[in-house]
Each structure stands twice: as structure tokens, then as C-alpha cells.
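Accompanying notes for the structure given below.
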Amino acid sequence: MKLLIVEDDKKIADSLKKGLVNEGYTVEVSYDGEEGLEFVDLAKPDLIVLDRMLPKINGLEFIKKLRQQGNQTSILMLSALGETEEKIEGLNIGADDYLSKPFSFEELLARIKSLLRRPKEYASEELKIKNIILDRLNNQVKIDSDFITLSKKEFQLLEFLVLNRNKIVSKEKIIDNIWEFEADVLPNNVEVFIASIRNKIEKPYNITLIQTFRGLGYKIED
């Protein structure tokens, strides 16, 4: 597996490279965001470890540019900004995970392994289920020739259920993944969003998409 580290602190970057090489990874290092984007095209990494505060192009702009190009390479964002709002901002703009500085190498390694274990479907630009297409670049849902507008959370919830198709997913697991860093989210919130998705997709098109299993959760089947 090939990793790209984009980190302007050379001591941290070189230390991470040494540790990850010892773990068997092939590692490239860039010290600014502009060069980092060039490295993505050249090295085609399986995962990017990206600092938030970078010279030339910062981490958020880096992600935005990469996602606009249609590149869905997994990104683990690093930052000394550990407040909930900063984490949410990083994840919402397209990071796959967020690790606050300072961190242990063991935790970094565990998160990298977790991201690399994700099925390839996580990185695809489109998800298909029955006659429904989820456009992950534009957060749009298409049924036949119709486009359906979902809120960001509705889209993320539907996307998560599709990625876990044929499995019952509990409300708790949905909350952990969709509202990961947000406090005071209750199971009722999930019910509200499920109902909204059904009103926008199931009722107008007379289809059954999301199945409810009382006390267990929800499931979408092929």
C-alpha cells in the first residue's frame, strides 16, 4: 500500500514516514499543499495523511480541490485544532477521518488500517441500488431521469445504508457514523431523517427501499 504524507513540520513528517515504512508501507512525503496535490497525480497513493495547516494550499482547500477533480482517495486529516467544530468542518468538506494533535503513532496506524480496510465501493463516485443512483460528488440522488434533492445528512444516511446493504444497521451505529462528533443526538433523530427520505423517495415512486426492523435498526436490500 502506498501512502502520501502532506505535513509542513518536517520533523513530524519524517518521523511518520520512518514509522510507516517500518510497518511495510511505501511512503511519499510533501511539505506543502501545492506540491502535495502534484504528488497525488504522480504517486497515486491509496491513502493521504494530510495536515490541516499547510503553506501555499491549506488542508481544507487541498481536499476541496481533490474532490472537485473526482478523486476519492481516502484522507486522514491531522490538526492541532481539535474542537468539535473544526472536526465537523474537515469531515464535511471531504476528509474520511480526523485525528487531533498530539496523537500516538499507534492510534494513527490503527486509523490508517481502518480506512484501508474499507471496501472499494467507499471510494466510487456513484453508488447504485435497484434503479437508484447516488451521485457522491454532487450529493444528488437520481431515479430514472429524475433528480431528488436530499439534505446533506439525509444523503449521508442513505449512503451509509447503501454501503451496508443487506445488513441490519442499528440506530446507534448510524449515529456513530453520521453524527460522529455531534453531541445530544438521539435515536429519534434517525427516525425523523428516515421518514424524510421515505417521503422524498419511497412515496413518490411507490417503492420500498428502507426496511425497518423494530428494536434492531434498518436495512436496504439489493
For the range 28-66, what are the residues that are over 22 Å from Leu81 (Cα atoms), surrounded by fewer than 16 Cβ atoms within 10 Å (Cβ to Cβ) and in contact (Cβ under 8 Å) with a residue 40 or more places away in the chain? Lys44
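For every residue, the table says whether it meets (1) within 16 Å of Lys10 (Cα to Cα); (2) part of a loop (DSSP other than H, G, I, E, B); (3) at pLDDT 90 or above.
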{"residue": "Glu38", "(1), (2), (3)": "no, no, yes"}
{"residue": "Leu50", "(1), (2), (3)": "yes, no, yes"}
{"residue": "Met53", "(1), (2), (3)": "yes, yes, yes"}
{"residue": "Glu61", "(1), (2), (3)": "no, no, yes"}
{"residue": "Gln72", "(1), (2), (3)": "no, yes, no"}
{"residue": "Ile75", "(1), (2), (3)": "no, no, yes"}
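The values are calculated or read from the model by the stated rules, or taken from the named source; none is laboratory data. Note that the structure is predicted; figures quoted are calculated from it, not measured. Cβ sites come from the backbone with ideal geometry, for glycine too, and all protein chains shown count toward neighbours.
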